[in-house]
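The values are calculated or read from the model by the stated rules, or taken from the named source; none is laboratory data. Everything numeric in this text was worked out from a predicted model, so none of it was measured. Don't worry about glycine lacking a Cβ; one is built from the backbone with ideal geometry, like all the others, and counts go over all protein chains shown. For accessibility, only protein heavy atoms count, side chains too; no ligands or nucleic acids. Shrake-Rupley method; radii C 1.70, N 1.55, O 1.52, S 1.80 Å.
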Amino acid sequence: MNKDQMVNGNQESGTFKTILVTGGAGFIGSNFVLHMVSKYPQYKIINLDSLTYAGNLDNLKSIEGNQSHVFVKGDICDAQFVNSLFDEYQPDAVVNFAAESHVDRSILDPQVFLRTNILGTQTLLDAAKNHWGSKPDAKYVQVSTDEVYGSLGETGYFEETTPLAPNSPYSASKASADMFVRAYHETFGLNTSITRCSNNYGPYHFPEKLIPLIISNALEDKEIPVYGDGMNIRDWLYVEDHCRAIDLVLHKGGAGEVYNVGGHNEKGNIDIVKLVLKELGKSEELIKYVKDRAGHDRRYAIDASKIKRELGWEPEVMFDEGILKTIKWYLDNKEWLENVKCGNYKDYYSKMYSEK
Ligand code: NAD
Ligand code: DAU
């Protein structure tokens, strides 16, 4: 299949036998694993996750015992281990979600972001390169972020051609990883695609991030910290819509291509806070304006016309519906939230999975 055929998205969907999903115990990764196991029962999903504070096997409880999902605890930076996984399972696709993902943590301690997000990505790319000589259709998908583009003013959108201008240690590490993905495509001919999505929200979102933090604090009548003037804008997308986009890029994405993903859902932070408080019947007196985040990007907004045009992707969950679904999920899953907050989720399944 040549590059032009792949880019126009009209070719038959690729199919895979075994997909290595990394970071599949985190927020988006676990939603993706659940999506894939339900949609493609014929695939084997090898879920590699080192279970940092953000990894939570409770997220995968509903597929416990499902033969098409194998969880493996391990570090994407450990080359020997990653290569041994390739030897054992012979994956014909990799979808890399594994990352340090929280901007505030990257300001406090940048180094682990370099290690996981850059070295980890390069380690996966190298293992794929070394094992895929006889698998020309094998595919590597890098789950990146719109934050690599930096910050917008009051107008305009991020396009795939927008120059990278990351502002936080987190986004700098993600941009560097993207450059390695590009280099492995250009230099070694690896069949790679990159997705750059805007802010996700939905089930299993760790309560250090804005939306689950608002819900979690509001339920306890605790203050909601709003950074700066609260007028920063994020472009919110329901997590299942992101998972469907990654599924499409995995099966139909062009080699060496980048796809922006976003739902045209720009909202000011303070508006989100007020909306969630209203839905929960809580007072706006919980809002507490605090010192701004260092280097705080002002506005993100995605132009997703390429993935719509070439791969036929459309968001299905509008924000008004998605935010209500999300709030309901947290209300229906208070035990999940409590386990995260008290740390119980760390040992819930530890006896069920061996460490490699
Ligand atoms: P998350 O922090 O919830 O999950 C990250 C997962 O990676 C965790 O399960 C963690 O245990 C695992 N992990 C961390 N270091 C690892 C290592 N060295 N080896 C193996 N596993 C490791 O993150 P998320 O919000 O689900 O984001 C997933 C990916 O999507 C990230 O790459 C992020 O940059 C990207 N992204 C996130 C958003 C968003 O809004 N959350 C938007 C666009 C892109
Ligand atoms: O745009 C995609 C990115 O979205 C992903 O790449 C990141 O992994 C993900 O964490 C997210 O980054 P943000 O920094 O945009 O998300 P966060 O939830 O941390 O913050 C959203 C906005 O809310 C941001 O403007 C900062 C603000 N905020 C955040 C927190 C946690 C507050 O005002 N108060 C808070 O307590």
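Identify all residues within the range 75-112 that are among the aromatic types (Phe, Trp, Tyr) and touching a strand residue (DSSP E or B) at 6+ places or on another chain (Cβ under 6 Å); write none if there are none.
The answer is Tyr89, Phe97.
Return yes or no: is Ile246 part of a helix (DSSP H, G or I) and within 28 Å of Leu164 (Cβ to Cβ)?
Taking the combined requirement at face value, the residue satisfies it.
Give the residue that is surrounded by the fewest Cβ atoms within 10 Å (Cβ to Cβ), with candidates limited to residues of the range 193-216 that are near ligand 2 (Cβ under 8 Å from one of its atoms) and in a loop (DSSP other than H, G, I, E, B).
Glu208
Tyr330 fails exactly one of the following numbered conditions: (1) touching a Gly at 6+ places or on another chain (Cβ under 9 Å); (2) hydroxyl-bearing (Ser, Thr, Tyr); (3) farther than 30 Å from Gly189 by Cα. What is the number of that condition?
Status for Tyr330: all satisfied but (1).
Hey, any hits in the range 173-192 for a residue that's farther than 21 Å from Ser283 by Cα, outside any helix (DSSP H, G or I) and within 16 Å of ligand 1 (Cβ to nearest atom)?
Yes, there is a match, as at least one residue in the range 173-192 is farther than 21 Å from Ser283 by Cα, outside any helix (DSSP H, G or I) and within 16 Å of ligand 1 (Cβ to nearest atom).
Could you figure out which of (1) among the β-branched types (Val, Ile, Thr); (2) away from ligand 2 (no atom under 11 Å from the Cβ); (3) free of Cβ contacts under 8 Å to residues at least 60 places away in the same chain isn't true of Val141?
(3)
Quick one: in the range 128-154, of everything that is assigned to a loop (DSSP other than H, G, I, E, B) and open to solvent by less than 40 Å² (accessible area, probe 1.4 Å), which residue is nearest to Leu164 (Cα to Cα)?
Here the residue is Gly150.
Restricting to the range 43-68, name every residue that is out of contact with any strand residue (DSSP E or B) (no Cβ under 9 Å at 6 or more places or on another chain) and among the charged types (D, E, K, R).
Passing the criteria: Asp58, Lys61, Glu64.
Given the criteria touching a Gly at 6+ places or on another chain (Cβ under 7 Å), open to solvent by less than 10 Å² (accessible area, probe 1.4 Å) and outside any loop (DSSP other than H, G, I, E, B), does Asp241 qualify?
Yes.
Tally the residues that are near ligand 1 (Cβ under 10 Å from one of its atoms), over 15 Å from Met179 (Cα atoms) and not in a helix (DSSP H, G or I), restricting the search to the range 96-126.
Qualifying residue count for the region: 6.
Please work out if Ser84 is small (Gly, Ala, Ser) and assigned to a helix (DSSP H, G or I).
yes
Take the residues in the range 80-109 that are within 10 Å of ligand 2 (Cβ to nearest atom) and not hydroxyl-bearing (Ser, Thr, Tyr); name whichever of them is nearest to the chain's Cα centre (by Cα).
My answer is Ala99.
Among the candidates Gly230, Gly256, Gly262, which residue alone is at pLDDT 95 or above and in contact with a Pro (Cβ under 9 Å, 6 or more places away or on another chain)?
Just a single option satisfies the conditions, and that option is Gly262.
Could you say which residue among Leu20, Leu48, Leu60, Leu85 is closer than 17 Å to Val340 by Cα and within 12 Å of ligand 1 (Cβ to nearest atom)?
Only one candidate passes the filter, namely Leu60.
Of these, Lys278, Lys282, Lys274, which one is more than 19 Å from Val239 (Cα to Cα), part of a loop (DSSP other than H, G, I, E, B) and open to solvent by 30 Å² or more (accessible area, probe 1.4 Å)?
Only one candidate qualifies: Lys282.
Please verify whether the range 61-78 includes one or more residues that are open to solvent by less than 10 Å² (accessible area, probe 1.4 Å) and within 16 Å of ligand 2 (Cβ to nearest atom).
no
Within the range 286-297, track down each residue that is in contact with a strand residue (DSSP E or B) (Cβ under 7 Å, 6 or more places away or on another chain) and assigned to a loop (DSSP other than H, G, I, E, B).
Asp292, Arg293, His296
Give the range 101-114 a look and list any residue that's open to solvent by 10 Å² or more (accessible area, probe 1.4 Å) and over 30 Å from Gly133 (Cα atoms), or say none.
Ser101, His102, Val103, Asp104, Arg105, Ile107, Leu108, Asp109, Pro110, Gln111, Val112
How do the pairs read when you match residues in the range 312-339 that are at positive phi with residues anywhere that are open to solvent by 20 Å² or more (accessible area, probe 1.4 Å) and part of a helix (DSSP H, G or I), using Cβ under 8 Å and keeping only pairs 6 or more apart or on different chains?
If the second residue must be open to solvent by 20 Å² or more (accessible area, probe 1.4 Å) and part of a helix (DSSP H, G or I), the pairs left are Gly312/Leu248.
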